[in-house]
Amino acid sequence: MNIAMIIAGGKGLRTKQDIPKQFLNICDKPVIVYTMEAFQRHPEIDRILVVCIDGWQEMLKAYASQFNITKLTWITAGGENGQESIHNGLMELEKHCEESDLILIHDGIRPNVSQEIISGCIAECRLHGSAITVIPCAEAMLLRSDSLNSSSALIAREMLARTQTPQAFPLGKLLWAHREAQKRGICDSTASCTLMVELGQEVYFCPGSEKNIKITTTEDIEIFKALLIAGKDDWLK
């Protein structure tokens, strides 16, 4: 099976809103619904698990029913950070899935993920055993000095990749990584790709998109609204 694990356990303080950003209503639909719909529509996704901020599980179920998200199979509570939230989701999947099943871990606040990105992530993971959605670094990159407000050194941008989600691995690989992290005292890795690299693993890339934005600030909300108004791709119809 191919399973989408959508991480929606964060409080979203940087948007300065009263409700978590994954539940913000944008153009008459909550952010998390746009995200679930993308995986609902994809023919290669069999099931969806959402790691949900505690206290919002019933609201999530109501939205799934309202918007016909029939692939939503499991809901688990989020953790204190992203690594713990993913771990909670993995513990639920371990009860129901095979270690060979592919898990696509995706930010609940990346609602504009395309069908092509999802397809590419699945294909790359099948080929190489991992798939990290990335985009090139187009800007000139400077290394901060010790004071953090100046620089005298460059970083070659062609050597850098800006990571997005989804990030895909077989379930067995993810279970190994999180258990190994516990043994080594790694408890707050930024993402699945960073955890794998911290554990000495090589990860493989698949193409993302500048449109695959992560809603972190109020400016990101404005950008997402503009993308919706500018023109809807097939997956948004």
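The values are calculated or read from the model by the stated rules, or taken from the named source; none is laboratory data. Every value quoted in this text rests on a predicted model; they were computed, and no experiment measured them. Cβ: placed from backbone, ideal geometry, glycine included. Neighbour counts: every protein chain shown. Note: accessible area is taken over every heavy atom of the protein model, side chains too, but ligands, DNA and RNA are not part of it. Shrake-Rupley method; radii C 1.70, N 1.55, O 1.52, S 1.80 Å.
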Condition check: modelled with pLDDT of 95 or more, open to solvent by less than 50 Å² (accessible area, probe 1.4 Å), of a type in the set (Val, Ile, Thr) and closer than 17 Å to residue 4 by Cβ. Does residue 45 satisfy that?
yes
Among residues belonging to segment 13-35 that are in contact with a helix residue (DSSP H, G or I) (Cβ under 7 Å, 6 or more places away or on another chain) and part of a helix (DSSP H, G or I), point out the one that is modelled with the lowest pLDDT.
15
All conditions in (1) over 23 Å from residue 196 (Cβ atoms); (2) not in a loop (DSSP other than H, G, I, E, B); (3) not hydroxyl-bearing (Ser, Thr, Tyr) are true of residue 112 except (2)
Only unsatisfied item for residue 40, checking (1) in contact with a Leu (Cβ under 7 Å, 6 or more places away or on another chain); (2) open to solvent by 10 Å² or more (accessible area, probe 1.4 Å); (3) within 22 Å of residue 228 (Cβ to Cβ), is (1)
Just to be sure before I move on: is residue 10 within 17 Å of the chain's Cα centre (by Cα), in a loop (DSSP other than H, G, I, E, B) and modelled with pLDDT under 95 in the structure I sent?
yes
List every residue pair whose Cβ atoms sit under 7 Å apart, with the two residues 6 or more apart in sequence or on different chains, where the first one lies in segment 149-169 and is of a type in the set (Phe, Trp, Tyr) and the second, anywhere, is in a strand (DSSP E or B).
169/103
Within segment 131-153, does at least one residue satisfy the condition of being within 30 Å of residue 91 (Cα to Cα) and not hydrophobic (A, V, I, L, M, F, W, C)?
yes
When residue 94 is run through (1) open to solvent by 60 Å² or more (accessible area, probe 1.4 Å); (2) closer than 24 Å to residue 122 by Cβ; (3) outside any helix (DSSP H, G or I); (4) not small (Gly, Ala, Ser), the failure sits at (3)
Which residues, taken from segment 157-177, are open to solvent by 10 Å² or more (accessible area, probe 1.4 Å) and of a type in the set (Gly, Ala, Ser)?
161, 172
Residue 110 being modelled with pLDDT of 95 or more, among the basic types (Lys, Arg) and either in contact with a Cys (Cβ under 9 Å, 6 or more places away or on another chain) or open to solvent by 40 Å² or more (accessible area, probe 1.4 Å) (or both):
no
Flagged pairs (Cβ under 9 angstrom, 6 or more apart or on separate chains; first in segment 57-79, modelled with pLDDT under 95 and open to solvent by less than 30 Å² (accessible area, probe 1.4 Å); second acidic (Asp, Glu) and not in a strand (DSSP E or B)) are 78/54; 78/84
Conditions (1) more than 27 Å from residue 56 (Cβ to Cβ); (2) touching a Cys at 6+ places or on another chain (Cβ under 8 Å); (3) of a type in the set (A, V, I, L, M); (4) assigned to a helix (DSSP H, G or I): number failed by residue 117:
(1)
Select from segment 36-56 the residues that are outside any loop (DSSP other than H, G, I, E, B) and either of a type outside the set (A, V, I, L, M) or out of contact with any Gly (no Cβ under 9 Å at 6 or more places or on another chain) (or both) and list them in ascending order.
37, 38, 39, 40, 41, 47, 48, 52
Strands (runs of 3 or more DSSP E) within segment 136-237 that include 2 or more residues at pLDDT 95 or above and under 18 Å from the mean Cα position of the chain (by Cα)
161-170, 205-207
